[in-house]
Amino acid sequence: MLFLIRRLKMKKTSYHHLNRIQAELLDKAEKAMKMSYCPYSGFSVGAAVLTKNHEIVAGANVENAAYGSTICAERAALVSANAKGHQRDVIKIAVIAKGKNHPSSEITAPCGSCRQMIFESARISGCDIEIIMSDPEKENVMISAISELLPLAFGPNSLKSPS
């Protein structure tokens with residue numbers, strides 16, 4: 001069986017080349033990162049989602065001594081947006097992180113669980129959510145879509161029975 005995977009179209013840029021909305025979203029993610037609770041890993045992550053009506057909802061990672069109970073910033077932002085009634089409205093998400101062992105020039109991308117949740121949000125919002133990922137200094141920024149970060153994804157259509 002042959003699978004064709006399209007070439008990724010991720011765009012590398014810098015903070016200064018972002019449009020106003022992308023920059024504001026990344027700034028809100030950076031602000032949220034300062035609220036991170038990460039006593040075990042020392043890895044602070046902030047995320048901010050943009051809704052169709054231009055509301056920004058932020059989240060930060062929250063660690064727990066029972067490691068499996070930890071929640072990532074991206075999922076925290078998505079859950080907060082859902083609690084505000086925006087589950088079907090997410091169009092963009094920005095992610096920024098820094099840590100004691102994290103190189104200052106390294107871009108942080110969503111983990112697998114976050115990619116899955118972003119993909120689900122993309123399907124119910126009807127758009128290919130844009131993901132803005134940055135290094136801690138906002139010198140290196142990468143812009144992608146969830147379909148590029150999670151090709152051949154498992155989602156709502158995977159659970160529908162054939163008619």
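The values are calculated or read from the model by the stated rules, or taken from the named source; none is laboratory data. Bear in mind that the values here come from a model prediction, so they are computed numbers and not experimental data. Counting neighbours? That spans all protein chains shown, and the Cβs are built from the backbone with ideal geometry, glycine included.
Assorted remarks:
- Taking the numbered list (1) small (Gly, Ala, Ser); (2) in a helix (DSSP H, G or I); (3) under 30 Å from residue 42 (Cβ atoms) in turn, residue 97 passes all entries but (2).
- Across segment 80-112, the number of residues qualifying as under 21 Å from residue 21 (Cβ atoms), at pLDDT below 90 and buried (at least 16 other Cβ atoms within 10 Å of the Cβ) comes to 2.
- Residue 84 being without any contact (Cβ under 8 Å) to a residue 40 or more places away in the chain and either of a type in the set (Asp, Glu) or touching an Asp or Glu at 6+ places or on another chain (Cβ under 9 Å) (or both): yes
- Residue in segment 29-41 that is outside any loop (DSSP other than H, G, I, E, B) and either under 15 Å from residue 130 (Cα atoms) or at pLDDT below 95 (or both) present: yes
- If you go through segment 127-146 and pick out every residue that is within 13 Å of residue 97 (Cα to Cα), in contact (Cβ under 8 Å) with a residue 60 or more places away in the chain and assigned to a strand (DSSP E or B), you end up with 3.
- Considering residues of segment 23-74 that are of a type in the set (D, E, K, R) and either surrounded by 23 or more Cβ atoms within 10 Å (Cβ to Cβ) or touching an Asp or Glu at 6+ places or on another chain (Cβ under 6 Å) (or both) only, the residue nearest to residue 146 (Cα to Cα): 74
- Test for residue 153: is it touching a helix residue (DSSP H, G or I) at 6+ places or on another chain (Cβ under 7 Å), surrounded by 17 or more Cβ atoms within 10 Å (Cβ to Cβ) and not in a helix (DSSP H, G or I): yes
- Enumeration of residues in segment 75-131 that are among the basic types (Lys, Arg) and within 18 Å of residue 34 (Cα to Cα): 75, 98, 100
- Any hit, segment 70-90, residues being within 22 Å of residue 42 (Cβ to Cβ), out of contact with any Gly (no Cβ under 7 Å at 6 or more places or on another chain) and hydrophobic (A, V, I, L, M, F, W, C): yes
- Against the criterion of being at pLDDT below 95, touching a strand residue (DSSP E or B) at 6+ places or on another chain (Cβ under 9 Å) and part of a helix (DSSP H, G or I), residue 124 qualifies.
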